[in-house]
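Taking it in order: structure first as structure tokens, then the write-up.
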Amino acid sequence: MSVFQDMAIRRKLMVIVILSAGVALLFTAVVSIIQQWIVYRNELINNVNSQASIISINSTTAILSRDRTAVNATLSALHAIDYIDFAVIQDKSGKIFALYLHARRAPTPLHILLEGDHHAFNMTHVDLYRPIVFKGETIGRMHVQASLLPVYEQLLRNLLITLITIIGGLSAALALITRISPGILGPLDSLVELMRTVSRDKNYALRSDLRNKDEVGVLAGAFNNMLEQIQSRDNALEQHRALLEHEVAQRTVSLTEAQRIAHIGNWEWDVIEDKLSWSDEIYHIFGLTPQQFGADYVAFMQAVHPEDRQHVEQQVHTALQQMRPYSFDHRILRPDGSVRYVRERGEVYCGADGRPDKVLGTVHDITDSWLTETALAANEKRFRDLVEQSSDWIWETDIQGIYTYVSPQCKAILGYGPEEIIGKSPFEFMPQEEAEHISIMLQETIQAQQPFLHLESIHLHKDGHLVVLETNGVPIFDQNGEFGGYRGMDRDISERKQAEDALRKQKELITHIIEAIPHFVFWKDRDSNYLGCNANFAKVAGLDSPEKIVGKNDFDLPWNRDEAEFYRKVDSEVMASGEARLNIEETQVQADKSKVYVLTSKIPLRDAQGTVVGILGMYSDITERKRIEDEIRKLNEELEIKVEERTRQLLETQEALVRKEKLAVLGQVAGSVGHELRNPLGVMNNAVYFLQAVLTDADETVKEYLGIIKNEIAVADRIVGDLLDSVRTKPPQPQMIGVGNLIGQVLNKCDIPATVTVNQDVPDTLPSLLVDPVQIGQVFRNLISNGVEAMPEGGTLTIRASADPVAQTITVSVKDTGIGMTHEHLSRLFQPLFTTKAKGIGLGLVVVKNLTQANGGKVEVASESGQGTTFTITLPSAALPVSAG
């Protein structure tokens, strides 16, 4: 530093110029190299990213179809790109699906972590990782590695060019300063010599004769004026000293207050003695008190933030070496740990020996402004990053509609780079007819300086294909409200428009299909509100068109309330269960007030996530089918009734024929047997009667046996009588006889065991029967005898009689509490020769039926096994005529 201070100004000027030019050129070179490195690196990233995007898009279908050959063919296109070392595609499970290796790369195993969408650098290459996505689902991942060798080669070439440029610049600067320095330093040497003379001789009458109009001339004039002022002021200096001291004191106070307000403090550093003096505001800025500060350069450096100390020392050292003012920003660390940002300014002063002996400067607390500027810079960077990374194209135009700014995304959308678009009108990138159409559409909006939204227009891509853009723009106004153009955003909606067209065509196709279905189709939302229907449904609902169904519910349509509630109930069940309901038979009152039968099926509608969002229904009119089914059912019922009736008739006929056949056989037997048996029975009966009459004094045993013989003769006679009555019923001889009397006569003739209780419920007020007493007496005798025989262990025999005045009949029931009969026995009960008794011949009930029917009555039976049997005889009362048959 002392060597430089002792140099002549001429040499110093040359050193300063060479150093300044060298530093400037070196700084420029360093900045240029850094910028080129960033540009080349970003360009490489963009190129690799573009290739990866193309390969990802082209490989999506092949990955889904597991076509490795197609994916490898896509990767083979990378042979044309020399800087790509390899590319690999993994499937969804992480296995390598396809691989590309550059010829210069050895086929070594690859250990690749394919996660996320990012890139990574090292000293030799850059790695790009990105997922392969199809419809929002990751179906694979891709890793591309590109070599940085082309970037380093380009930087090396640029570095050589820069070094040559620096050497040439320094040489030119040295030649230039050598040529022009005499014109600068000659007057300065003259002025310096004058100053030495005045200083040495104290002769203030000397004057410089320089008349230059440059800084040296101004300095010479000022020096002359100074000499004049020194002469004039020497005399007045003492007089004004006190006043000046007072004014200095006042100004010091004002300066201190001004420094406090402005957060600026001043300082002075005695370089030789290393003493540092601060104003009060600097202590305030640094958070110190005079007692806390050591008042030297080292103490000052301790207050500087540790990360900034080297920078501060370098700036101060350079300023002292070059004896020039300096200004720079740095941080300070307060004793309380808080950090402040200050702007340090200083000016170096030299002593008589030409070496720096003191530095005067200021410290400005710029913390608030620095934080504000930092926030603004961060916001600006954030906005720029957002604009440049957005998939939309951001642009600005001037008042003439000429692009003044476009974001890089224009390259991906139209194929043109920003440099190809700036300076041109948007209409230059449209087909002529589209440009004229859009120009007319926007004319009034632009004239009114109004925003425009969702403007769709067709543009021409650089490769010639059409691109549909959606444009939004807002006017730009300066702080004075002057219109400056438009700022807006373009979005590529080509794929969306294609999808909309495909969706529209698909919707039209579905509409045509629905309308072509010869049924009634409708669909509803979760609240059972209609979303649509076909024309058939709209017609029966009384609507002019299917569109008018939207938003309505079943209560808004012609069907009655019960039908509407049922429809909505089924809707809720289908949506709640998520399962279809098919072939539901319903009724429906339609717009023309007609009631029809419909067969309805409903299925749940689901969204892409499988959530039920409504129902789809379809029904057909089955009214005619129901009518035909009803007619068929009625015919079937009638046919079944006729078949049953006919079957019954056939069975009855068959039964009658069988019975007649049996009776015919019995008739032949009974004719001879009855004649052959009754005569001996009559003789035997007369003999028993004679013996009872003559053997009045016989012992009891004889009398008992005679009684037994007589009873058995009566039984045999009754059997013969039943046999004869079963095959040939005599015509009845109707007489009026009381029901009670006839039953009483029969009971007197029957042998009722003591274990059987007989209960009679025969009112005396009943009208008389008009029947043959003998035949009906035999009927009652047979029923009573059967009832008693059905109760071998004893029981109750109940006889009831009642009259029906309307039908003019009398009903007599004989009920026992015996063993009862099975259903099979009941079906054969009145068949000849069928009996359940050990000693019976199966003719008693045949006689009962024949004699009852012969007297114009009917017989019915009810029985249950273990519960007893009830026979019911219905006979005509005295008011009815008697049938001859």
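The values are calculated or read from the model by the stated rules, or taken from the named source; none is laboratory data. Fair warning: this is a prediction, and the values are worked out from it, not measured in the lab. Ideal geometry is used to build each Cβ from the backbone, glycine not excepted, and the neighbour counts take in all protein chains shown. Ligands, DNA and RNA are excluded from the accessible area calculation, which covers all protein heavy atoms including side chains. Shrake-Rupley method; radii C 1.70, N 1.55, O 1.52, S 1.80 Å.
Quick check: anything in region 809-821 farther than 15 Å from V861 by Cα and small (G, A, S)? Within region 809-821 (the criterion being farther than 15 Å from V861 by Cα and small (G, A, S)), the answer is no, since none of the residues qualifies. Filtered by the rule that a residue be open to solvent by 60 Å² or more (accessible area, probe 1.4 Å) and acidic (D, E), region 532-588 gives D544, E547, D556, D562, E565, E573, E579, E585.
Scanning region 316-345 for residues that are farther than 20 Å from S369 by Cβ and either assigned to a helix (DSSP H, G or I) or touching a Leu at 6+ places or on another chain (Cβ under 8 Å) (or both) yields V316, H317, T318, A319, L320, Q321, Q322, P335.
Kindly indicate which of Q745, Q733 is assigned to a loop (DSSP other than H, G, I, E, B), of a type outside the set (G, A, S) and open to solvent by 20 Å² or more (accessible area, probe 1.4 Å).
Q733
Filtering region 293-347 down to residues that are of a type in the set (D, E) and more than 15 Å from V363 (Cα to Cα), which residue is modelled with the lowest pLDDT? Break it down into steps so the answer makes sense when it comes.
Residues of region 293-347 of a type in the set (D, E): 296, 307-308, 313, 329, 336, 344, 347.
Pick out the ones that are also more than 15 Å from V363 (Cα to Cα) and you get 296, 307-308, 313, 336.
Numbers: D296: 80, E307: 92, D308: 91, E313: 90, D336: 89.
Once the filter is applied, the top-ranked residue is D296.
Selection within region 271-300: residues that are of a type in the set (G, A, S) and at positive phi. The member of this set that is surrounded by the fewest Cβ atoms within 10 Å (Cβ to Cβ) is A295.
Checked against (1) under 36 Å from the mean Cα position of the chain (by Cα); (2) outside any helix (DSSP H, G or I), D82 passes all but a single condition, namely (1).
The lone criterion from (1) more than 30 Å from W523 (Cα to Cα); (2) open to solvent by 50 Å² or more (accessible area, probe 1.4 Å) left unmet by E508 is number (1). For region 301-311, indicate whether the set of residues that are touching a Ser or Thr at 6+ places or on another chain (Cβ under 8 Å), open to solvent by less than 50 Å² (accessible area, probe 1.4 Å) and over 30 Å from M14 (Cα atoms) is non-empty. No, because not a single residue in region 301-311 is touching a Ser or Thr at 6+ places or on another chain (Cβ under 8 Å), open to solvent by less than 50 Å² (accessible area, probe 1.4 Å) and over 30 Å from M14 (Cα atoms). Listed by first and then second residue, the pairs with beta-carbon distance under 6 Å, at least 6 apart or on different chains, first residue in region 408-426 and in the same structural domain as T397 (by the TED database), second among the acidic types (D, E) and open to solvent by 60 Å² or more (accessible area, probe 1.4 Å), are P408/E388; I413/D492; G415/D463.
Please verify whether region 386-401 includes one or more residues that are small (G, A, S), touching a Pro at 6+ places or on another chain (Cβ under 8 Å), surrounded by fewer than 17 Cβ atoms within 10 Å (Cβ to Cβ) and modelled with pLDDT of 90 or more. The answer is yes; a qualifying residue exists.
What helices (runs of 4 or more DSSP H), lying completely within region 771-885, carry at least 3 residues that are at pLDDT below 80? Can you show your working first?
Working: elements: 773-789, 823-827, 844-854.
Ranges flagged: 823-827, 844-854.
Remark: pairs (first residue in region 76-100, at negative phi; second residue of a type in the set (D, E) and surrounded by 14 or more Cβ atoms within 10 Å (Cβ to Cβ); Cβ separation under 8 Å; 6+ apart in sequence or on different chains) = F97/D91. Just for region 16-32: of the residues that are hydrophobic (A, V, I, L, M, F, W, C) and over 16 Å from T178 (Cβ atoms), which one is surrounded by the most Cβ atoms within 10 Å (Cβ to Cβ)? Going through the qualifying residues, I end up with L25. Pairing each residue of region 785-813 that is touching a residue at least 60 places away in the same chain (Cβ under 8 Å) with any residue that is assigned to a helix (DSSP H, G or I) and open to solvent by less than 20 Å² (accessible area, probe 1.4 Å), provided the two are 6+ apart or on different chains, yields C-beta distances under 7 Å for A801/V739; I810/V739; V812/V739.
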